[in-house]
Amino acid sequence: MDLQEFNALPADELRPQLAACCDVPRWVDHLLAGRPYADSAALVGAADAVSRDLTDAEVAQALAAHPRIGDRADGDTTEASWSRKEQSGVGDDPAIRAALAAGNRAYEQRFNQVFLICATGLTADQMLTALHDRLKNDPTTEATVVRTELRKIAALRLTNLVPATKEIPA
């Protein structure tokens, strides 16, 4: 859809599409309430602003919607399709998949949450290296990294939803 369609679509039709970008009701509500957006930069800016202000509970809720790195999301939902595309760099190498599974288990034991990384454009080796590097983080540092990765994923998915929106905040 383009920005004009985004601005005009009834909220009840747009809500699930936005939730596929970031499954946090306040994030979705904020973007719906901000319509109409004058341009793509305004939409991405609004998404980024609310993403920076997510509570710990909202981050946990958003993480619950993400599969583990290396796991293939099931189903034909928009979110599952995006996840499979985002993780396409994982590949089918059984050794890499086993290493990612072991790393995911270690990460979840250390931080009590799923390992989240904006995987688009990354190779399996890059994801695995990042996972191992982040296992060395203290919980406060890791919470900051997770929030950044979540913001990047939400912005990327928003650009998938509204393709004219090409800006992804740093």
Label-point separation (nm) for A60 and K136, each offset 7 Å from Cα along Cα-to-Cβ? 2.9
Note down the nm distance, to one decimal, between modelled labels 7 Å out along Cα→Cβ at R110 and at D29. 3.5
Once all Cα-Cα distances of region 108-167 are split into 10 Å bins that start at 0, what whole-number percent is in each one? 21, 47, 25, 7
Loop sites in region 1-81: GluC sites (Glu not before Pro), DSSP, at most 11 other Cβ within 10 Å: none
Out of F6, F115, H30 - ranked by how far each Cα lies towards the positive end of the dipole of the chain, with unit charges on the beta-carbon of charged residues - the top one is F115
What is the ratio of the Cα radius of gyration of the chain to 2.2 N^0.38 Å, where N is its residue count, to two decimals? 1.04
Helix 40-51 against the longest principal axis of the chain: what's the angle in degrees, Cα atoms only, rounded to the nearest 10? 50
On a C-alpha basis, how far is the centre of region 1-62 from the centre of region 92-115 in Å? Whole number, if you could? 30
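No value in this document is a laboratory result; all are computed from the given coordinates. On a predicted model such as this, the values are computed, not experimentally measured, just so you know. Positions of Cβ are backbone-derived with ideal geometry, glycine not excepted, and every protein chain shown enters the neighbour counts.
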